[in-house]
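The values are calculated or read from the model by the stated rules, or taken from the named source; none is laboratory data. Quick caveat: nothing in here was measured; it's all calculated off a predicted structure. Cβ placement follows ideal geometry from the backbone for every residue including glycine, while neighbour counts extend to all protein chains displayed. For the accessible areas, the whole protein counts, side chains as well, though only heavy atoms, and no ligand, DNA or RNA atoms are used. Shrake-Rupley method; radii C 1.70, N 1.55, O 1.52, S 1.80 Å.
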Amino acid sequence: MTEGTEPNSALGQQSTTASKPLHRKGLFDDARLEAVFRRRVDRLVQRPPSRLSRQLQALNYTLMFGVGSYMVLYQDYGDRPHCFTGLRKWYFSKVDSIWTLSSEEEQELRERGRLR
């Protein structure tokens, strides 16, 4: 089938009208309006996103990361093991090692009199 021809299903003949994906009856009756529309769409695609758009995108990614982290690490899934159990054990062991004193640190603070 050549470009610009379409089969006419009722008669089995080919039509000479070109295929226009955006041309629907009543949508772009005027070729000038279609050209204006296409030019505006092309201009939007070429422009970089605005500052507000970038800020909203950064906020969106931050919120997605925060909510995802909360769901994986802190949300209560019950007592049975689940797919995040290993990650949660590793994470909370690291948090505990950061916030607890080692035996050497406890000994040193007891000698200084700062820990009872």
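Using only alpha carbon positions, build the gyration tensor of the stretch 36-116, then give the equivalent ellipsoid semi-axes as the square roots of 5 times its eigenvalues, largest first, whole angstrom. Write out the running numbers ahead of the final one.
Working: eigenvalues 511, 91, 15 Å².
Over the Cα atoms of the stretch 36-116, the ellipsoid semi-axes are 51, 21, 9 Å.
Treat the stretch 76-116 as a sphere of radius equal to its Kirkwood radius over Cα pairs and apply Stokes-Einstein at 4 °C in a medium of 1.567 mPa s; give the translational diffusion coefficient in µm²/s, rounded to a whole number. List each step's numbers first, then the result.
Values: Rh = 12.6 Å.
It diffuses with D of about 103 µm²/s by this estimate.
Not counting ligands, DNA or RNA, and with a 1.4 Å probe, what is Met71's accessible surface area in Å² rounded to the nearest 10?
Answer for Met71: close to 90 Å² accessible.
By per-residue mean of other Cβ atoms within 10 Å, what is the highest-first order of 88-96, 42-50?
Values: 88-96: 11.3, 42-50: 8.3.
Averaged packing, sorted descending, gives the order 88-96, 42-50.
Figure the gain on full extension for Leu109 and Asp79 (residue separation times 0.36 nm, minus the Cα-Cα span) and round it to one decimal in nm. Spell out each step's value before the answer.
Values: separation 30, 0.36 × 30 = 10.80 nm, distance 3.78 nm.
Extending this stretch completely gives an extra 7.0 nm.
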